[in-house]
Structure formats: C-alpha cells, structure tokens
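Below is the structure I would like to discuss, written out as structure tokens.
Values in this text are rule-based calculations from the coordinates and carry no lab data. In this text, all values refer to a predicted model and were calculated from it rather than measured experimentally. Cβ coordinates were reconstructed from backbone atoms using ideal geometry, including for glycine residues, and neighbour counts include every protein chain displayed.
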Amino acid sequence: MSASASTLARGKAAALAARPWWLSAPALLLFSGMVIVPLLMTAVLSFNVFDHTTGVKAGEFTLSHYAKVFTDPYYLGIFWHTFWVSGLTTLICVAVGAPEAFVLSRMGPPWRAIFLLVVLAPLLVSVVVRAFGWSMLLGREGLVNQLFKLLGIGATKLLYTDAAIVIALVHVMLPFMVIPVWTALQKLDPAVTQAALALRASQATTLRRIILPQILPGVLSGSLLVFGLSASAFAIPGLLGGRRLKMVATVVYDEYLHELNWPLGAAIAFTLLVANLVVMLSYNRLVEGAYRKRMGT
C-alpha cells in the first residue's frame with residue numbers, strides 16, 4: 001500500500017507540476033503560430049537564392065544577401081540613418097515624456113483622468129491618419145509654414161526631411177514613454193519624498209536622489225519600446241520621408257513589392273530584428289547595471 005500510495009502521490013505531483021504548461025498551451029501554440037513560425041520562415045527565406053528571371057529558388061541557399069547587406073554602403077547608410085532617427089526620437093520622448101508623466105502623477109481627479117486621456121488619444125487614431133495629418137501641417141502651404149510667414153521667417157521646407165519624421169514619430173511614440181514612467185511613479189511611496197523634504201532636502205535634490213532612481217525602470221522600459229517601434233516604423237517614414245529619405249522598413253517594402261527580391265528583403269528584415277535586439281539588450285544591461293549599482297543591489 002505504501003508503494004502504491006507513493007506512486008499515486010508522485011503522479012499527482014507530476015500532474016500539478018504539468019498543469020501550468022497545459023493551461024498555457026493554447027497561448028504558446030498561438031504565439032508559435034503567429035510569431036515563431038513566421039520568423040523561422042523569414043530566416044529560411046533570407047538564405048534562398050534569387051534570380052531576376054526565375055525568382056526565388058527554394059532548394060538553393062546562399063549567404064550573398066547578408067554579404068550585400070553588411071558590405072554595401074547603401075544598406076549600411078540606411079541602417080545608420082534608421083538608428084540615428086530612432087535614437088533621437090527616444091531622447092526627445094524621454095526629455096518630454098518623463099516630466100509629463102511626473103506632472104500627470106501630481107494631478108488630482110478629475111484632471112488626471114482628462115490629461116491621461118489626452119496622452120492616450122493618439123493611440124486611438126490610425127498611424128496612417130496621423131502621418132497624413134502631419135504631412136498637411138508640415139507641407140509647403142501647411143499651417144506651420146503659414147505661421148512662419150506671419151512671423152516673418154518665411155516658408156521652410158519641413159516635409160520630406162528628417163525633422164518631419166522625428167516630429168511625427170515623437171507624436172506617435174510619446175504615450176509609450178509616458179505610461180511606463182507614470183506607472184513607476186504610481187509605485188513611489190509619497191512618505192519617502194515627504195521625509196526627504198522634512199529633512200530639509202531641496203526639491204532638486206529630492207528629484208535627483210529619490211524620484212529619478214526609482215522611475216529609472218520605467219524610463220528604461222519606455223525607451224526600449226520607443227526605440228524598437230521607431231526603428232521598425234514604416235508608415236511615417238514612408239509618407240513623411242518620401243522616396244529620398246529611406247529607413248529600413250521602407251527598404252524592405254521596396255525589396256518585397258517593387259524589386260520582388262523576397263530573400264534580400266527577408267535578410268534586411270532579419271538583420272534589423274537582430275540589430276534591434278543587440279541594441280536593446282545592450283542598453284538594458286547598461287542602464288540596469290547602473291541602476292543596481294546606484295541602488296546598492
């Protein structure tokens with residue numbers, strides 16, 4: 001009886017241990033079908049041989065597409081331009097979004113709910129609609145240039161420039177910075193801030209030594225979101241950058257639909273994914289290491 005009871009107990013323990021896997025199996029299957037399998041197919045496609053007369057040769061493989069991406073100055077310049085625009089967008093979102101989240105956290109009802117809705121409002125509108133709206137504002141006869149003319153500055157070319165892309169990306173990505181920082185501020189104990197002020201610490205010292213270190217994880221999360229989404233953005237660079245200012249997503253689109261060179265487009269897309277992961281993981285390690293050192297953990 002003891003042996004059978006022990007076997008039964010082990011079986012129950014194994015069933016209980018496997019229960020989380022069974023419960024998460026539908027989500028894992030969905031994730032695999034929607035994310036993992038397409039990524040693997042894209043990776044395989046990037047190694048296929050392409051011929052301009054016959055198309056993709058499924059049974060033949062080559063590294064020439066990756067060699068072209070890593071050695072051609074045209075593609076290297078596009079990657080550099082993409083990461084430069086994404087980095088600038090991230091810095092502006094940090095500079096604007098973190099103070100905005102701090103002010104939002106200090107508001108009381110009903111103003112907090114109203115301004116939180118204002119922050120989230122851009123997410124309720126299609127990114128294509130927002131891009132077209134910015135193209136109308138920044139165009140030659142747009143509202144911004146009309147204002148410049150009234151001020152005596154004269155018309156300025158804003159559309160189809162890096163400035164237009166960065167402005168629109170900041171507008172689109174700002175909620176992804178505000179919300180993580182605001183969430184981190186919600187976890188901040190007001191008693192700690194009040195204690196610092198009671199001990200005659202200045203507002204600037206309290207902000208620098210107490211508030212900023214504790215919201216750093218929110219800034220980190222928001223920065224990673226903004227950088228990753230900006231680097232892979234397509235609609236805004238395509239509509240506001242025109243044909244002259246290329247980013248990686250627009251080049252992938254051109255290779256897939258204009259040149260019909262799917263393997264090269266897949267190689268560029270996969271390179272962007274890996275480069276994004278490397279940049280984001282390195283940034284996460286750097287900032288998290290500095291945060292742990294500062295907090296003494």
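Arrange Phe31, Phe50 by Cβ neighbour counts within 10 Å, fewest through most, would you?
Going from least to most buried by this count: Phe31, Phe50.
Semi-axes, largest first, in whole Å: what does sqrt of 5 times each Cα gyration tensor eigenvalue give for the range 46-295?
Three semi-axes, in Å: 40, 26, 15.
Please rank Val127, Val274, Val96, Val252, fewest neighbouring Cβ atoms within 10 Å first, as an exposure proxy.
With the fewest neighbours first, Val127, Val274, Val96, Val252 line up as Val274, Val96, Val127, Val252.
Then there is this: Apply the Karplus parameterisation 6.51 cos²θ - 1.76 cosθ + 1.60, with θ equal to phi minus 60°, to every residue of the range 105-116 and state each ³J(HN,Hα) to the nearest whole Hz, in sequence, with x for glycine and proline.
So the Karplus estimates, Gly and Pro as x, are 5, 8, 7, x, x, x, 5, 4, 5, 5, 6, 5 Hz.
Charges on Cβ only, +1 for Lys and Arg, -1 for Asp and Glu, centred on the Cα centroid of the range 46-295; of Val144, Ala113, Met173, which one is farthest towards the dipole's positive end?
My answer, from the dipole projection, is Ala113.
In sequence order, what are the phi-derived ³J(HN,Hα) couplings for the range 254-261 according to the Karplus relation 6.51 cos²θ - 1.76 cosθ + 1.60 with θ = phi - 60°, rounded to whole Hz, with x for glycine and proline?
4, 5, 6, 9, 9, 7, 6, 8
Next question. If each residue's Cβ is checked for other Cβ atoms within 10 Å, how do Asp51, Asp254 rank with the fewest at the top?
Asp51, Asp254
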